[in-house]
1. Looking only at the stretch 29-52, count how many residues are touching a helix residue (DSSP H, G or I) at 6+ places or on another chain (Cβ under 8 Å) and either more than 16 Å from Val92 (Cβ to Cβ) or open to solvent by 50 Å² or more (accessible area, probe 1.4 Å) (or both).
2. Tell me which residues, restricted to the stretch 71-122, are open to solvent by 60 Å² or more (accessible area, probe 1.4 Å) and either in a helix (DSSP H, G or I) or at positive phi (or both).
3. Would you check if Thr57 is surrounded by fewer than 17 Cβ atoms within 10 Å (Cβ to Cβ) and closer than 13 Å to Asn96 by Cβ?
4. So for the stretch 58-73 (the condition being among the β-branched types (Val, Ile, Thr), modelled with pLDDT of 95 or more and farther than 18 Å from Val120 by Cβ), does at least one residue qualify?
5. Go through the stretch 1-28 and give me each residue that's out of contact with any Cys (no Cβ under 9 Å at 6 or more places or on another chain), in a strand (DSSP E or B) and surrounded by 16 or more Cβ atoms within 10 Å (Cβ to Cβ).
6. Which one of Arg38, Arg19, Arg45 is modelled with pLDDT of 95 or more, among the basic types (Lys, Arg) and in contact with a Gly (Cβ under 6 Å, 6 or more places away or on another chain)?
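The values are calculated or read from the model by the stated rules, or taken from the named source; none is laboratory data. Because the structure is predicted, anything quoted here is derived from the model rather than measured. Every residue, glycine among them, receives a Cβ derived from its backbone with ideal geometry; neighbour counts consider all protein chains shown. Side chains included, ligands, DNA and RNA excluded: accessible areas come from the protein's heavy atoms. Shrake-Rupley method; radii C 1.70, N 1.55, O 1.52, S 1.80 Å.
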Amino acid sequence: QVRLVESGGDLVQPGGSLRLSCVASGSIYSINAMGWYRQAPGKERELVATITSGGSTNYADSAKGRFTISRDNAKNTVYLQMNSLKPEDTAVYYCNVRVFTTALSYRYLEVWGQGTLVTVSA
């Protein structure tokens with residue numbers, strides 16, 4: 001069993017910053033990729049940023065230039081540094097991981113965290 005625990009969500013003023021963290025634990029042999037998604041009120045869940053085990057990153061257009069995704073492979077942890085926050089960034093942010101549970105796994109297991117709430121308001 002694999003668990004993801006997110007933290008760092010808070011209420012912040014427009015223009016402020018937050019750093020989200022996600023720690024993966026449990027039956028993990030290796031991780032293929034980790035990422036952050038978000039779901040705003042009345043909207044579908046959308047990609048924010050992803051990062052592979054090799055360090056390749058991908059960002060949504062809305063996040064480029066403001067957000068930075070990073071990871072610590074030794075700690076099975078992924079971070080999302082969010083700067084210049086806007087009211088439209090308000091959402092529940094979810095961590096996602098694609099994990100191999102054994103050395104002989106031929107496909108990865110996709111796991112979601114419980115979410116952490118980010119509210120940007122004056």
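1. Counting residues in the stretch 29-52 that are touching a helix residue (DSSP H, G or I) at 6+ places or on another chain (Cβ under 8 Å) and either more than 16 Å from Val92 (Cβ to Cβ) or open to solvent by 50 Å² or more (accessible area, probe 1.4 Å) (or both) gives 1.
2. Asn73, Ala74, Lys75, Ser84, Pro87, Glu88
3. On the way: surrounded by fewer than 17 Cβ atoms within 10 Å (Cβ to Cβ): yes; closer than 13 Å to Asn96 by Cβ: no.
Criteria not met by Thr57.
4. Within the stretch 58-73, one or more residues are among the β-branched types (Val, Ile, Thr), modelled with pLDDT of 95 or more and farther than 18 Å from Val120 by Cβ.
5. The answer is Val2, Val12, Leu18.
6. Details: Arg38 fails: in contact with a Gly (Cβ under 6 Å, 6 or more places away or on another chain); Arg45 fails: in contact with a Gly (Cβ under 6 Å, 6 or more places away or on another chain).
Going through Arg38, Arg19, Arg45 in turn, the sole match is Arg19.
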